[in-house]
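First comes the structure, then the notes that go with it.
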Amino acid sequence: MAAIKSLIFWVSGVVTPALTGLTTAALPQQGSRIDADVWFGLLDLARELAAGTISESDYCEEVVARTSSPITGAELSAAIEQAVAPSPDMFPLYDEIKDLCRLYLLVDLPERWFAPLLRDARFAQTFSDPGAILRADRFGVKSSLELPITLAHSGLFDNQATLLIDADPRRAMQSTRAGLYAPIFVDAARLRREFVLWGLLPST
Amino acid sequence: MTVTRQISILSEGNFSTTVITDMVREAVKSSGVMEGAARVYYKHTTGSVLVLEYETGILVDLEDMLEKLAPAAGDYVHHVRRYDANGAAHLCSALLGVSLSVPIVNGDLGLGYFQEIVVLDMDPVRKERTIIIQVDGD
């Protein structure tokens, strides 16, 4: 591969906690049913939402129905909007890398839940270039699981000089197989170690 | 002293991986054991627990290697019962093993810089999976 010039960060799971976790945390603990089957269903819904197959309100209504939660979809949407925030552990890494590579966000959250991120001054400053924001729902896929192949063949990026940071290991493997290398995100410290191995940052 | 803890993960199967290093480390630290060993046991027959560098390329290479040894779409005698069709996952699990032991040194896991404890789930079905962590020592 060539020297890395572009870094693309998936928003849900990397820049913020994953949407499924944000959603279950926003539901009332009393009266909401969240077993394994429900959780996997919420994961599928989040992937459809990311791709734009369903709307934010449909997502919330469906979550409330599947979990039998004693709140409305509108209340859930407002609670997620309140909860979503950039992960603070990532800021030192953005600061360290932003002058060395072009940074992009792959936004898999609806506009209402992405907007609070840009109200964070430090985050907005890091991603101030409007061209740095790519919406996952512009690619015409049915689920965000289909996005790696589409993105790898989109011609938007030089795959040989780009890393796609992804918290979903299966999706990261699909990306890498399609030619767009995707380090698996676990946490900021491990991601920094990956950047060192790519020669982007010095080891400490 | 022996301290046992059980943890659960929600796994999508189909070669899903989950890093559990921090969970095992937390179990060791909370046990108070300074010198000994942590045993990690995957309580299923279609996955494995491994120590490896958690890097996408290694996972792709590992999946390719296992696919050559036991193709996921292969025809296995295990399937004659028609209960399930996960023969490849069982064979890969048998090859890779379902348990490992990590030394505890000075109250922490004695892992190398790149070593992570990773659960690999090869079953085609999404399920909640159980891991037993047993911390032994003084």
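The values are calculated or read from the model by the stated rules, or taken from the named source; none is laboratory data. Note that this is a predicted model, so its numbers are computed, not measured. Ideal geometry is used to build each Cβ from the backbone, glycine not excepted, and the neighbour counts take in all protein chains shown.
Miscellaneous remarks
- Single match in A:ALA36, A:ALA85 (criterion: of a type in the set (Gly, Ala, Ser) and free of Cβ contacts under 8 Å to residues at least 12 places away in the same chain): A:ALA36
- Every condition in (1) small (Gly, Ala, Ser); (2) within 14 Å of chain A (Cβ to nearest Cβ); (3) without any contact (Cβ under 8 Å) to a residue 40 or more places away in the chain is met by B:ALA85 except one, and the failing one is (2).
- Scanning region A:77-109 for residues that are assigned to a loop (DSSP other than H, G, I, E, B) and crowded, with 18+ Cβ neighbours inside 10 Å gives A:VAL84, A:PRO86, A:CYS101, A:ASP108, A:LEU109.
- The test for being under 17 Å from the mean Cα position of the chain (by Cα) and either more than 30 Å from A:PRO183 (Cβ to Cβ) or more than 14 Å from chain A (Cβ to nearest Cβ) (or both) does not hold for B:THR17.
- Residue match in region B:65-75 (condition: hydrophobic (A, V, I, L, M, F, W, C), exposed (fewer than 14 other Cβ atoms within 10 Å of the Cβ) and in a helix (DSSP H, G or I)): yes
- Residue within region A:110-126 that is modelled with pLDDT of 95 or more, closer than 25 Å to A:TYR59 by Cβ and touching a Ser or Thr at 6+ places or on another chain (Cβ under 6 Å) present: no
- Within region B:79-106, tally of residues that are exposed (fewer than 15 other Cβ atoms within 10 Å of the Cβ) and modelled with pLDDT of 95 or more: 8
- Looking across region A:39-58 at every residue that is over 18 Å from A:ARG138 (Cα atoms) and not charged (D, E, K, R), the one that is surrounded by the fewest Cβ atoms within 10 Å (Cβ to Cβ) is identified as A:SER57.
- Any hit, region A:26-42, residues being closer than 19 Å to A:ARG171 by Cβ, part of a loop (DSSP other than H, G, I, E, B), more than 14 Å from chain B (Cβ to nearest Cβ) and among the polar types (S, T, N, Q): no
- Hits in region B:1-14 (condition: more than 7 Å from chain A (Cβ to nearest Cβ) and either over 21 Å from B:LEU52 (Cβ atoms) or assigned to a strand (DSSP E or B) (or both)): B:MET1, B:THR2, B:VAL3, B:THR4, B:ARG5, B:GLN6, B:ILE7, B:SER8, B:ILE9, B:SER11
- Every condition in (1) surrounded by 15 or more Cβ atoms within 10 Å (Cβ to Cβ); (2) away from chain B (no Cβ under 14 Å) is met by A:GLY21 except one, and the failing one is (2).
- Here B:VAL77, B:VAL40, B:VAL49, B:VAL3 are screened, and the one residue that is over 19 Å from B:MET122 (Cβ atoms) and touching a helix residue (DSSP H, G or I) at 6+ places or on another chain (Cβ under 9 Å) is B:VAL3.
- Of all residues making up region A:137-170, the number that are at pLDDT 95 or above and closer than 16 Å to A:VAL11 by Cβ: 6
- Looking only at residues in region A:145-204 that are outside any helix (DSSP H, G or I) and of a type in the set (S, T, N, Q), the one that is nearest to the other protein chains (Cβ to nearest Cβ) is A:SER203.
- Evaluating A:ILE165 against the criteria (1) surrounded by 17 or more Cβ atoms within 10 Å (Cβ to Cβ); (2) out of contact with any Pro (no Cβ under 7 Å at 6 or more places or on another chain); (3) not polar (S, T, N, Q) leaves one unmet condition, (2).
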